[in-house]
Amino acid sequence: MAGTPGRYEVVLTRGAEQDLESIHDYISGSDCAANANYVLDRLTEVVEGLAQFPERGAYPPELVALGIREYRQTAFEPYRVIYRVAGGRVVIYLIVDGRRDMQSVLARRLLGA
C-alpha cells in the first residue's frame, strides 16, 4: 500500500549531501551555528518525512515547463528539496535555496547542461 510508514528508503546523492554542508557552513558564517543547526535539523526532518509519503511533493514548475515530470519537490522555505521516487527508493538530488536562479541550477545538476 502506498504511503505505508517506512516503505521507502531515502538516499541522498553526494551532491545533496554537499548541499546540506554548504547551507550549514553559509548560515554558520553569516549568522550563527545555532541557526545553522536549526535549518539543518528542519531540512533533515523534511528529507526523512519522504520515507513515508514521497508522492506528496509537487513537480518543480521549471521542469514541468520542459515537459519533465520525473522529479518532485518539497521544501523548508526558502530551501527546496528536489527528488525522484524510483521503486522503493526516494533519491534526493538537490537541496538548494529557492531564491537562486532555479532554472540554471536544475539544468546544471539534473539535466547535465
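The values are calculated or read from the model by the stated rules, or taken from the named source; none is laboratory data. For clarity, every value in this text was computed on a predicted model and none was experimentally measured. Heads up, the Cβs are rebuilt from the backbone with ideal geometry, glycines too, and the neighbour counts pull from every protein chain shown. Please note that ligands, DNA and RNA were not included when accessible areas were found on the heavy atoms of the full protein model with its side chains. Shrake-Rupley method; radii C 1.70, N 1.55, O 1.52, S 1.80 Å.
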Do you know which residues across segment 33-72 are outside any loop (DSSP other than H, G, I, E, B), among the aliphatic types (A, V, I, L, M) and surrounded by 15 or more Cβ atoms within 10 Å (Cβ to Cβ)? Ala36, Val39, Leu40, Leu43, Val46, Val47, Leu63
Taking only segment 73-100 into account, find how many residues are open to solvent by 30 Å² or more (accessible area, probe 1.4 Å) and more than 16 Å from Ile23 (Cα to Cα). 7
Pair list, Cβ under 8 Å, 6 or more apart: segment 53-70 residue more than 16 Å from Arg108 (Cβ to Cβ), other residue surrounded by 10 or more Cβ atoms within 10 Å (Cβ to Cβ) and among the small types (Gly, Ala, Ser): Phe53/Gly3; Glu55/Gly3
Within the group Val85, Val91, Val96, which residue is in contact (Cβ under 8 Å) with a residue 60 or more places away in the chain, in contact with a helix residue (DSSP H, G or I) (Cβ under 7 Å, 6 or more places away or on another chain), closer than 23 Å to Arg7 by Cβ and of a type in the set (A, V, I, L, M, F, W, C)? Val85
